[in-house]
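The values are calculated or read from the model by the stated rules, or taken from the named source; none is laboratory data. Small disclaimer: the values here were computed from a predicted structure and weren't measured. Counting neighbours? That spans all protein chains shown, and the Cβs are built from the backbone with ideal geometry, glycine included.
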């Protein structure tokens, strides 16, 4: 089994399509604005997909249920970038509003910033911190798991 994509179920397909294509700069490899489904290449064969929420609800028999979400996020899209500060500046120049400024998370070994897409899906953009900036706990975990960074 392998992960094919993360599929976001959206109500404003066109706004989300433009956000992922024009704002984040992801390449659409299937679908187009005005459609009902699209795949965006994220890298190494991974995709973010958009699908109209009403069509998925009908497919699983949930079309009569309320469409409201819980108060806290249940999922996030995590995108690694080469330079978080430069990426945030570039996206801000396109009008993107961030929930947080870029911040170091030594316990997570990353520097990250958070934003939302037009459907309020949570997105984390991150760059890896140099190992010298990791917390001691992160270094210990990395040694135990043998993870390569």
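Among the residues making up the stretch 123-138, those that are surrounded by fewer than 17 Cβ atoms within 10 Å (Cβ to Cβ) and more than 16 Å from residue 102 (Cβ to Cβ) are 131, 132, 135, 136, 137. Inside the stretch 52-82, can you point out the residues that are farther than 21 Å from residue 37 by Cα, in a loop (DSSP other than H, G, I, E, B) and out of contact with any helix residue (DSSP H, G or I) (no Cβ under 9 Å at 6 or more places or on another chain)? 66, 68, 69, 70, 71, 72, 73, 74, 82 - these are the residues of the stretch 52-82 that are farther than 21 Å from residue 37 by Cα, in a loop (DSSP other than H, G, I, E, B) and out of contact with any helix residue (DSSP H, G or I) (no Cβ under 9 Å at 6 or more places or on another chain). Under the condition of being closer than 17 Å to residue 119 by Cβ and in contact with a strand residue (DSSP E or B) (Cβ under 7 Å, 6 or more places away or on another chain), which residue from the stretch 79-96 is surrounded by the most Cβ atoms within 10 Å (Cβ to Cβ)? Filtering the stretch 79-96 for residues that are closer than 17 Å to residue 119 by Cβ and in contact with a strand residue (DSSP E or B) (Cβ under 7 Å, 6 or more places away or on another chain), the one surrounded by the most Cβ atoms within 10 Å (Cβ to Cβ) comes out as 96. If you go through the stretch 28-80 and keep only what is closer than 22 Å to residue 110 by Cβ and in contact (Cβ under 8 Å) with a residue 40 or more places away in the chain, you end up with 46, 48, 73, 75, 76, 77, 78, 79, 80. Can you pull out the residues in the stretch 84-110 that are touching a helix residue (DSSP H, G or I) at 6+ places or on another chain (Cβ under 8 Å) and in a strand (DSSP E or B)? Residues satisfying the conditions are 98, 104. Would you mind stating whether residue 87 is at pLDDT 95 or above and over 19 Å from residue 15 (Cβ atoms)? Against the criterion (at pLDDT 95 or above and over 19 Å from residue 15 (Cβ atoms)), residue 87 qualifies.
The lone criterion from (1) touching a helix residue (DSSP H, G or I) at 6+ places or on another chain (Cβ under 8 Å); (2) surrounded by fewer than 16 Cβ atoms within 10 Å (Cβ to Cβ); (3) at pLDDT 90 or above left unmet by residue 113 is number (2).
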